[in-house]
Amino acid sequence: MKIARRVEAIRAAEVGAIAAAPGDALMRRAAAGVARACIEQLGGAYGRRVHLVVGVGDNGGDALYAGVALARRGALVTATLVAGRAHPGALAAYVAAGGRLGLTGRPDLVVDGVVGIGGRPGLRPEAAAAFEQVAGVPIVAVDVPSGVDVDSGETPEIHVDADVTVTFGSLRHAHLVDPAAAACGAVAVVELGVDFPAGDVEALEAEDVRLLLPAPESDDHKYTRGVVGVRAGSVRYPGAAVLAVAGASVGFAGMVRYVGAAGEQVVAAHPEVVGAGKVQAWVVGSGTDADAESHLHAAGGTPIVIDADALVHLPGAAPADAVLTPHAGELATMLGVSRDEIEARPLHHVRQAAEAYDAVVLLKGRRTLIARPDGRVRVNTTGTPWLATAGSGDVLAGLIGSLLATGMSGFDAASVGAWLHGRAAQACGDGPLVAGMLPDAIRAVVEDLFA
Ligand SMILES: NC(=O)C1=CN([C@@H]2O[C@H](COP(=O)(O)OP(=O)(O)OC[C@H]3O[C@@H](n4cnc5c(N)ncnc54)[C@H](OP(=O)(O)O)[C@@H]3O)[C@@H](O)[C@H]2O)[C@@H](O)CC1
Ligand SMILES: [K+]
């Protein structure tokens with residue numbers, strides 16, 4: 001599990017380590033990691049030109065010590081001190097190692113050491129100008145891309161767009177949550193030997209998913225494995241029913257039931273699907289059109305995935321054990337704000353919705369977020385841009401419903417479902433895909449996990 005923590009918690013955990021380490025030892029360790037990332041990015045150090053953009057705090061100190069390490073390996077290192085001053089010890093070491101002040105020529109790489117966890121969002125004009133001078137050159141950000149809001153993952157003002165971000169000890173929210181995460185590029189964590197407390201934003205990794213997934217026992221039969229019911233599709237949108245049922249039918253639940261106007265098409269595509277009866281979880285909404293509200297009312301009393309058309313029919317709180325799966329536009333309608341506001345502040349809004357509806361809320365996006373009413377959030381890091389295709393949400397809703405039916409919690413079902421769905425898209429290759437390809441790919445991903 002990847003765990004991201006608030007700045008306050010990180011600072012509190014590091015106090016002891018900083019006090020115990022002699023001089024700038026911790027900063028030098030951090031800087032060594034930054035230098036390693038630069039060398040990796042450049043394919044070597046000797047003769048390469050590296051330019052440091054340096055702020056007044058310890059983030060700038062990290063950049064300068066990284067400059068020291070790079071200069072020792074034969075790189076030609078220059079630096080702009082955006083406020084005209086910098087961490088005294090690091091600056092002295094930098095100058096002693098042959099580092100120069102001021103930009104000369106076009107560098108091969110830029111190191112962003114303007115601000116880290118002590119920064120406010122945005123870039124001051126001197127810092128913005130320093131990056132403009134080297135526009136187009138790859139950037140390695142120290143700790144976070146300067147200008148992003150570290151705890152909220154928001155980017156309310158101008159900020160650095162990095163190719164690689166090197167952080168220390170623990171991930172911060174900005175490394176996982178969009179839009180800031182998109183500005184980080186690839187993220188590397190340098191170990192500092194510090195113990196951190198639990199965090200409130202996390203991301204599942206393959207091993208977590210494997211451990212959470214239900215696998216049938218030898219004495220299981222179809223009813224003990226759980227039955228999922230799908231109420232999706234309509235005369236107008238029969239395909240949504242077929243795709244939601246396909247997502248529900250990848251094989252986690254022991255049986256899939258379908259109730260709705262597209263029964264004929266569903267059974268033609270999935271002969272194993274049966275009609276109304278007792279279920280352990282419902283999936284309601286995809287393509288239900290005018291029938292959404294009546295489906296929602298008919299499906300009460302069990303864990304339930306509420307998607308698409310059904311979301312707008314929710315009264316104040318959702319039914320017990322509900323997972324709501326809106327995209328940004330649907331969440332905007334639910335919360336009475338604009339889509340732009342949701343996309344600018346996804347972490348804030350997904351938490352607000354989870355609390356307001358007293359339900360697990362999965363907000364779809366490049367980095368899908370899954371929030372619980374108590375504020376705990378999982379970020380999904382799998383997926384490709386090709387996944388933004390019609391019907392892909394129907395498959396996801398069905399898949400999550402089938403996991404719910406096996407007895408998983410809504411939070412686990414939603415986050416495991418999102419992870420498998422995204423990984424399946426990746427398995428389809430870096431090219432076009434249609435939603436109908438996902439169920440087979442999900443089965444292959446699960447087979448790989450258990451191999
Ligand atoms: N803790 C640890 O264990 C370790 C920490 N480490 C490193 O230390 C970093 C944190 O260092 P930090 O606390 O000195 O803060 P930092 O982010 O450098 O900025 C501070 C100053 O910048 C200014 N400023 C603010 N906003 C600004 C803006 N938008 N644009 C321009 N300037 C702005 C503001 O000063 P002001 O100008 O307002 O007086 C503020 O005081 C951390 O991210 C990591 O890299 C590593 O060495 C490993 C061990
Ligand atoms: K930075």
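The values are calculated or read from the model by the stated rules, or taken from the named source; none is laboratory data. Nothing here was measured: the structure is a model prediction, and the numbers come from that model. All Cβ positions, even for glycine, are placed from backbone atoms using ideal geometry, and neighbour counts span all protein chains on display. What goes into the accessible areas is simple: the full protein's heavy atoms, side chains included, and nothing from ligands, DNA or RNA. Shrake-Rupley method; radii C 1.70, N 1.55, O 1.52, S 1.80 Å.
Overview of results
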| quantity | calculated |
| --- | --- |
| For the range 363-372, Karplus couplings with θ = phi - 60° (6.51, -1.76, 1.60), whole Hz, Gly/Pro x | 9, 6, x, 3, 10, 4, 10, 10, 10, 9 |
| The range 2-202, relative contact order [Cα under 8 Å, separation at least 6], % | 24 percent |
| Solvent-free Debye scattering, log10 I(q)/I(0), computed from the Cα coordinates of the range 71-151 at q = 0.11, 0.12, 0.18, 0.23 Å⁻¹ | -0.30, -0.36, -0.82, -1.30 |
| Alpha-carbon centroid distance for the pair the range 377-442 / the range 1-70, whole angstrom | 36 Å |
| Gained length - GLU447 relative to ARG72, 0.36 nm times residue gap less alpha-carbon distance | 130.2 nm |
| Dipole magnitude of the range 354-451 about its Cα centre (Cβ charges: Lys, Arg +1; Asp, Glu -1), debye to nearest 20 | 220 debye |
| Relative contact order (%) - criterion: Cα under 8 Å, at least six apart; region: the chain | 13 percent |
| Distant alpha-carbon pairs in the chain (separation over 28 angstrom), percent | 54 percent |
| Column: log10 I(q)/I(0), Debye, Cα scatterers of the range 1-122, q = 0.12, 0.16, 0.23 Å⁻¹ | -0.44, -0.76, -1.33 |
| Full-extension gain in nm, GLU264 to THR224, via 0.36 nm per residue minus C-alpha separation | 11.7 nm |
| C-alpha long axis of helix 392-405 to longest principal axis of the chain, angle in ° | 70 degrees |
| Peptides ranked, highest mean first, by Cβ atoms within 10 Å: ranges 182-194, 338-350 | 338-350, 182-194 |
| Residue-by-residue Karplus 3J(HN,Hα) for the range 105-116, coefficients 6.51, -1.76, 1.60, Hz, glycine and proline x | x, 9, x, 7, 8, 10, 10, 8, x, 6, 9, x |
| Label-zone membership for the range 143-172, site ARG339, 7 angstrom Cα→C-beta point, backbone N under 20 Å | 155 |
| Prolate/oblate/rounded label for the range 206-450 (Cα gyration tensor, a/c 1.5) | rounded |
| Share of carbon and sulfur in the accessible heavy-atom surface of the chain [1.4 Å probe, %] | 52 percent |
| Kirkwood Rh in Å, taken over all unlike Cα pairs in the range 68-221 | 17.7 Å |
| Residue-normalised accessible area of the chain, expressed per residue, 1.4 Å probe, Å² | 41 Å² |
| Distance (nanometres) between label positions extended 7 Å along Cα→Cβ at VAL274 and LEU212 | 3.0 nm |
| Anchor LYS222: aspartates and glutamates whose Cα lies under 18 Å away (excluding residues fewer than 8 positions away in-chain) | GLU272 |
| Selected from VAL134, ALA71, VAL115, residue furthest toward positive end of dipole (the range 69-142; charges at beta carbon) | ALA71 |
| 222 nm mean residue ellipticity, helices alone, for the chain (DSSP H n ≥ 4; -39,500 (n - 2.57); rounded to 500) | -11500 deg cm²/dmol |
| Local electrostatic count, ALA86, Cβ distance below 15 Å [Lys/Arg +1, Asp/Glu -1] | -2 |
| Packing-based order for 258-264, 163-169, using average beta carbon neighbours within 10 Å, highest first | 163-169, 258-264 |
| Dipole magnitude of the range 2-202, debye to nearest 20 (Cβ charges: Lys/Arg +1, Asp/Glu -1, about Cα centre) | 840 debye |
| Debye, to nearest 20: dipole size of the chain, +1 on Lys, Arg Cβ, -1 on Asp, Glu Cβ | 1080 debye |
| Sorted peptide list for 27-40, 62-75, criterion being average Cβ within 10 angstrom, highest first | 62-75, 27-40 |
| Alpha-carbon centroids, the range 244-317 and the range 111-167: separation in whole Å | 45 Å |
| Model label zone, VAL235; criterion: amide N under 12 Å from point 7 Å along Cα-to-beta-carbon; scope the range 245-289 | 261-262 |
